[in-house]
Structures are given as C-alpha cells and as structure tokens.
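Trainee: The structure that follows is given in the form of structure tokens.
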Amino acid sequence: MIVMRAISSLLLVWLATPLPSEAAEIAPDQRRSGSTFMAPETRAMQDDDTSNPGMLWVLDGQALWKAKRHPSEKSCTDCHGDISAMRGISAKYPAFDELLKRPVDLEQRINLCRTRHQDEAPLADESRELLALTALIGRQSRGRPIEAGSDPRLASFVAKGRDLFMRRQGQLNLACSNCHDDNWDRQLAGSSITQAHPTGYPIYRLEWQGLGSLKRRLRNCMIGVRAQPYASDAPEIVELQLYLATRAGGMTIETPAVRP
Amino acid sequence: MAAALINVPATAKRGDIIEIKALMSHVMETGYRHTETGEVIPRNIITSFTCHYNSVEVFRADLFPASSANPFISFFTTATESGTFEFKWIGDRGFQETASANIIVS
C-alpha cells in the first residue's frame, strides 16, 4: 500500500514536471559555439588559416574586392577602400535597409551594392563569387562579438523570426527550438545537435565539400523536418537569420568556420 | 579561380625536421556522380602532387577519386639549406598549378 502510494505520488510529480519539449531557452552563460561540439581535429583545421579550406574563398574574395565591374568600372575598393575598413561590419548583419524598409542579410547587401552602385546583375545564391565576397567581409570580423538586431526598427522582425523558430512545422512537426533549445546536448544519428548559433557563416562544411551560407544550412534543417524550405529571397528566412543572430548576440565570430 | 595556401616555416636550423602544409582549391569531382537527368558528371580530379626542395624531389603523391575536395597535404622533411620549395599540382582537363615558398636555414 505504501509502495503504491509512493508510486502514484511519483507519477504525480512526473506529470507536473514540464516535458523536455517545453524546456526554456538557453541561458546566456550556457551558450556554446558549434565549434565546441567538434572533434579536436576539426577544430584544429578551423583554427589554422593554412588548413582551413574556407580561406580559399577568402583569397578569391580579395581578388573580387579589387576587380573593376564592367558597366560602371567601379570596384568594391573604389567606394569602401581597403578590405580592412570592413572590420566589424558583418557582425551587424542582417541589418535594416533604408530603401526596402526591412532587414537584409550580408549576401543581399552585397547584391544590392552590385545593382545600386555597380550596375551589375546580382550574383546567384551560393555562387562561388557571392560566397567568396561574403567570406572575405565576414573574415574581417573574426574575433568580434555578434551585434545584429540592436537597431530598434528591427524589433518587429526579430519577433517574427522568434515566432518562426518556435513554430512547429513540416511532416515531422518539429520547431527549431525542439532540437536547438531543448535537446542541444544530445545526439541525432550520431551527430551533435548543437545550439544553432550562427557564429561562423559562411562555413566550410565537410559534408558539403565546400563553403555554404546560413540560408543553405537552414534549408538543410527544414528538409530534415520535411518542411517546405523558404525561397532564398523570402522575408522569413532573413527574419529567422536575424533572430538567430540576436539569440547569439555577443558571441565571438569565427568566419570562415569549419563544421563536420 | 584556383588558389593555393602553403605553410612552410620561414626559418629553421640545419637538420631540423619541418612540417610542410599545402592546401589546393579543387572540386575533385569523382566521375561517379550523375546529374538530375542521369548524365555522368565527368571526372575532374588532381592526379599528382609533387614538392621540390632546391630542385630535389622530396615528396610526391598520386591522388584518386576518393580524395576530398580542396585536398590538404601535409608532410615532413629535413631542413638542409636555404632555398625554395616548389609545389606542383597536375590534374584532369589540363589542370596545372604551381606555388613556391622560401626558407632560410641557419
């Protein structure tokens, strides 16, 4: 009888405890970069600029930064000067665009620069050239803290991004938060789930055998939960990137990072 | 856009064992993959890598379709005299790239 009562009271306690899927957001001092989940070999690969394959894109980016664009005969250097002037810039992205009245990510900003100031067609998403310029600009902010989302005009977009992060979606009916807030310390098919802080994009992902943007990574996750991925120019994907950046606010930028 | 990243110590003592690292930008397409319409993507890999130290070959490697994209090769050699390391990558479709780095041996 006593045993029965003990079991039923235990059951009551268990029922009253929130399920793991209802767990809270990660406390700021508990946040960890994806690189802390990696094998020491992969971390060593990232930390040495002569073994980090992402640096090959940075090298390409340096040539593109100085290249004159044909119709306008203007290079990036003509307006922005030496690439070192871009230190700290990528830390602020996605950032508010005055003309579009909405946030744009760094790739979109580069393409806006091309269409507005260089009379050039935008570069294709995930193209080597666009990734090279993004990696080069991102590299200038390595070691700096992420600062995106401090602009008050972005507040409503951050909130929308947060809703998307918390919303269940896809055939598997999973929200981003179900894995990355609630189960980040566990494994999925032998791989670490991690906390999903965008500290090193664009990343050289060993699985991809190449460099890829945060948008590509987000599409991967969405396909994983069998949801319809957002188009690369959809406002939702920028809002989600913006929320992720504010969620990782203050964490150190590692661009170009290496991930398994 | 081919690019190489080379890491050779700038200085060394005579007789030191030094590590050389070479990273080359290349897709290393295996030749075993197909497009969405079923056509084979032709093989496009680096087949050979060599390193000469003052014109003496100190390292050679043959590469095959199982090598990763952007192959990273690291090896050790003994620092004998000041001079130049010359690296050469040869591959399919007439791919040929060279790079060099200097070392001062005291």
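Throughout, read-outs are computed from the coordinates displayed, never taken from laboratory work. Everything quoted here is computed from the prediction, not taken from an experiment. Every residue, glycine among them, receives a Cβ derived from its backbone with ideal geometry; neighbour counts consider all protein chains shown.
Trainee: Of all alpha-carbon pairs in chain B, indicate the percentage at a distance above 23 angstrom. Don't skip to the answer; put the middle values down first.
Mentor: Working: 1907 of 5565 pairs.
Across chain B, Cα pairs with separations above 23 Å total 34 percent.
Trainee: Place +1 on the Cβ of every Lys and Arg and -1 on the Cβ of every Asp and Glu in chain B, take the dipole about the Cα centre, and give the residue among B:Ala99, B:Ala10, B:Pro65 whose Cα lies farthest towards its positive end.
Mentor: Sorting the options by dipole projection puts first B:Ala10.
Trainee: With θ taken as phi - 60° and the coefficients 6.51, -1.76 and 1.60, list the Karplus ³J(HN,Hα) couplings across segment A:182-195 in order, rounded to whole Hz; mark glycine and proline as x.
Mentor: Residue by residue, segment A:182-195 yields 8, 10, 5, 8, 10, 10, 10, 6, x, 9, 5, 6, 6, 8 Hz.
Trainee: Now a separate question. What dipole magnitude, in Debye to the nearest 20, does chain B give about its Cα centre under +1 on Lys/Arg Cβ and -1 on Asp/Glu Cβ? Show your work: numbers first, answer last.
Mentor: Values: 8 positive and 11 negative charges, 38 e Å.
Dipole of chain B, to the nearest 20 debye: 180 debye.
Trainee: Name the residues whose placed amide hydrogens come within less than 5 Å of the amide hydrogen of A:Ile203, ignoring near sequence neighbours (fewer than 5 apart) on the same chain.
Mentor: Amide H neighbours of A:Ile203: A:Gly212.
Trainee: Can you list the residues, at least 5 places off or on another chain, whose amide H is less than 5 Å from the amide H of B:Thr11, using H built in the peptide plane?
Mentor: Result for B:Thr11 returns B:Ile104.
Trainee: Right, here's the next one. Cα to Cα, under 21 Å, and not fewer than 8 places away if on the same chain: which lysines meet these conditions relative to A:Lys66?
Mentor: A:Lys74
Trainee: Can you compute the helix-only [θ] at 222 nm over chain A? Use -39500 (n - 2.57) per DSSP H run of at least 4 residues, normalise by all residues, nearest 500 deg cm²/dmol. All intermediate terms of the calculation are to be shown ahead of the outcome.
Mentor: Values: 10 runs with 106 residues, N = 260.
One gets -12000 deg cm²/dmol as the mean residue ellipticity at 222 nm.
Trainee: Expressed in whole Å with the largest first, what are the equivalent ellipsoid semi-axes of chain A derived from the C-alpha gyration tensor as the square root of 5 times each eigenvalue?
Mentor: 39, 20, 16
Trainee: Compute and list, largest first, the equivalent-ellipsoid semi-axes of segment A:192-243 from the alpha carbon gyration tensor, each √(5λ) rounded to a whole angstrom. Could the numbers behind the result be given before it?
Mentor: Numbers: eigenvalues 60, 35, 29 Å².
Calculated on Cα positions only, the semi-axes equal 17, 13, 12 Å.
Trainee: With a cut-off of 8 Å between alpha carbons and a minimum separation of six or more residues, what is the relative contact order of segment A:44-181 in percent?
Mentor: Working: 158 pairs, mean separation 37.0, N = 138.
Contact order relative to length: 27 percent.
Trainee: Still on this model: From the phi angles alone, apply the Karplus equation (6.51, -1.76, 1.60; θ = phi - 60°) to segment B:75-88 and give each ³J(HN,Hα) in whole Hz, x where the residue is Gly or Pro.
Mentor: Residue by residue, segment B:75-88 yields 8, 10, 8, 9, 6, 10, 8, 4, x, 10, 9, 10, 10, 9 Hz.
Trainee: From Cα pairs below 8 angstrom and at least 6 apart in sequence, can you work out the relative contact order of chain B, rounded to a whole percent? Please list the in-between numbers first.
Mentor: Values: 249 pairs, mean separation 35.0, N = 106.
That works out to 33 percent.
Trainee: Given a cut-off of under 8 Å on Cα pairs at least six residues apart, what relative contact order in percent is computed for chain A? Don't skip to the end; give the middle numbers.
Mentor: Details: 413 pairs, mean separation 69.6, N = 260.
Here the relative contact order equals 27 percent.
Trainee: With +1 assigned to the C-beta of every Lys and Arg and -1 to the C-beta of every Asp and Glu, and no other charges, what is the dipole magnitude of the protein assembly as shown about the Cα centre in debye, to the nearest 20?
Mentor: On the way: 41 positive and 42 negative charges, 135 e Å.
With only Lys, Arg, Asp and Glu charged at Cβ, the dipole is about 640 debye.
Trainee: Measure off 7 Å from each Cα along the Cα-to-Cβ vector at B:Ser82 and A:Gln169, then give the distance between these two points in nanometres to one decimal.
Mentor: According to this spin-label approximation, the distance is 6.2 nm.
Trainee: Going 7 Å from the Cα of A:Leu188 in the Cα-to-Cβ direction, what parts of segment A:156-182 have a backbone nitrogen less than 13 Å from that spot?
Mentor: A:169-182
Trainee: Just to check I understand the Karplus step: with θ = phi - 60° and J = 6.51 cos²θ - 1.76 cosθ + 1.60, what whole-Hz values come out for segment A:152-159, glycine and proline as x?
Mentor: Per residue, the Karplus-derived 3J(HN,Hα) values read x, 5, 8, 3, 5, 6, 4, 4 Hz.
Trainee: Here's another thing I want to ask about it. Please list, in chain and number order, the residues 5+ apart from B:Phe59 or on another chain whose amide H is under 5 Å from its amide H, with Hs placed from the backbone.
Mentor: Correct list: B:Cys51.
Trainee: A further question follows. Of all alpha-carbon pairs in segment A:43-195, indicate the percentage at a distance above 24 angstrom.
Mentor: Details: 5662 of 11628 pairs.
Across segment A:43-195, Cα pairs with separations above 24 Å total 49 percent.
Trainee: Taking 1 over the mean of 1/r across every pair of different Cα atoms in segment A:149-246, what Kirkwood radius in Å do you get?
Mentor: Numbers: mean 1/r = 0.0708 Å⁻¹.
Mean inverse Cα-Cα distance, inverted, gives 14.1 Å.
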